[in-house]
Amino acid sequence: MSLRLGDLAPDFTAETTEGKINFHEWLGTSWGVLFSHPADFTPVCTTELGTVAKLKGEFDKRNVKVIALSVDNVASHNNWIGDINETQACSVNFPIIADPEFTVANLFDMIHPNASDKFTVRSVFVIGADKKVKLIITYPASTGRNFDEILRVIDSLQLTANYSVATPANWVDGEDVVISASVKDEDIEAKFPKGYKRIKPYLRITPQPNR
Ligand code: BEZ
């Protein structure tokens, strides 16, 4: 059965461009982003890995470790990294898992046979510090991902893990948020001292509490 939100992320040991890793040990106390791409030496994937390398500082700021995966082997990944660095003006600074036997791909349901039975789709898993799956997104091979959106979701996931709030459509860090339905009107002032607007009984807005 495929993975669902709230499930424990499967653990595995695999060869990567930074040596053999055990996934849960490698994550340690950090959050994680595991993302798959269809194949090495392909154009969209080249731009994606370059983009992630340039965003490493943003992931670090959020205590998030990033790891990529494709079904090619380590030698291929290492050769391709040279091209990524050259063409995307970056230095790949995160491990890429080699998964020629589809071991990890099958654990995370990254092979969608009606798209391709030979290559992983563009999956993204955000994993919390508790090793549970917080977000799953799947893109087809033809569409490169928006990694600013992944960072935006991580901001929301980390905020809502710590405060009784949710984030509205198109929210970005720093904007007002929605007070959770579980918070009673009479408790709002104590919980949200910056104030709030009660637009409807179910729609109560407050400034982002950790800003
Ligand atoms: C790409 O990364 O450009 C790509 C990979 C597989 C199929 C189509 C495009």
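The values are calculated or read from the model by the stated rules, or taken from the named source; none is laboratory data. Not measured: the values here are computed from a predicted model. No Cβ is skipped: glycine too gets one built from the backbone with ideal geometry, and neighbour counts run over all protein chains shown.
Just wondering, is there one or more residues in the stretch 194-211 that are hydroxyl-bearing (Ser, Thr, Tyr) and surrounded by fewer than 16 Cβ atoms within 10 Å (Cβ to Cβ)? Lay out the reasoning, then the answer.
The initial filter retains those residues of the stretch 194-211 that are hydroxyl-bearing (Ser, Thr, Tyr), namely 196, 202, 206.
When the remaining residues are screened for being surrounded by fewer than 16 Cβ atoms within 10 Å (Cβ to Cβ), the result is 202.
Yes: one or more hits.
Could you give every pair whose Cβ atoms fall below 6 Å, whose first residue belongs to the stretch 33-54 and is under 13 Å from Glu86 (Cα atoms) and in contact (Cβ under 8 Å) with a residue 12 or more places away in the chain, and whose second residue is within 12 Å of the ligand (Cβ to nearest atom) and not charged (D, E, K, R), counting only separations of at least 6 or pairs across chains?
Phe41/Trp80; Thr46/Ile84; Thr47/Gly144; Leu49/Ile84; Gly50/Ile84
Identify, from the list Ser123, Ser156, Ser182, the residue that is free of Cβ contacts under 8 Å to residues at least 40 places away in the same chain, surrounded by 13 or more Cβ atoms within 10 Å (Cβ to Cβ) and not acidic (Asp, Glu).
When all the criteria are applied, what remains is Ser156.
Got at least one residue in the stretch 77-94 being surrounded by fewer than 21 Cβ atoms within 10 Å (Cβ to Cβ), of a type in the set (D, E, K, R) and within 21 Å of Asp155 (Cβ to Cβ)?
No, because not a single residue in the stretch 77-94 is surrounded by fewer than 21 Cβ atoms within 10 Å (Cβ to Cβ), of a type in the set (D, E, K, R) and within 21 Å of Asp155 (Cβ to Cβ).
I'm checking my understanding of the structure. Among residues of the stretch 95-116 that are of a type in the set (Val, Ile, Thr) and surrounded by 18 or more Cβ atoms within 10 Å (Cβ to Cβ), which one is farthest from the chain's Cα centre (by Cα)?
Going through the qualifying residues, I end up with Ile111.
Just wondering, is there one or more residues in the stretch 168-186 that are farther than 26 Å from Gly6 by Cβ and either part of a strand (DSSP E or B) or of a type in the set (A, V, I, L, M, F, W, C) (or both)?
no
Could you give every pair whose Cβ atoms fall below 9 Å, whose first residue belongs to the stretch 86-100 and is in the same structural domain as Met110 (by TED's automatic domain parsing), and whose second residue is in a loop (DSSP other than H, G, I, E, B) and at pLDDT below 95, counting only separations of at least 6 or pairs across chains?
none
With respect to Asn73, is the statement that it is under 20 Å from Phe12 (Cβ atoms) and free of Cβ contacts under 8 Å to residues at least 24 places away in the same chain true?
On the way: under 20 Å from Phe12 (Cβ atoms): yes; free of Cβ contacts under 8 Å to residues at least 24 places away in the same chain: no.
Here the answer is no, as Asn73 does not meet what is asked.
Does Val66 meet the test of being out of contact with any Asp or Glu (no Cβ under 6 Å at 6 or more places or on another chain), crowded, with 19+ Cβ neighbours inside 10 Å and assigned by TED's automatic domain parsing to the domain that holds Ser36?
yes
Do we find that Thr13 is polar (S, T, N, Q) and touching a residue at least 40 places away in the same chain (Cβ under 8 Å) in this structure?
Spelling it out, it is not the case that Thr13 is polar (S, T, N, Q) and touching a residue at least 40 places away in the same chain (Cβ under 8 Å).
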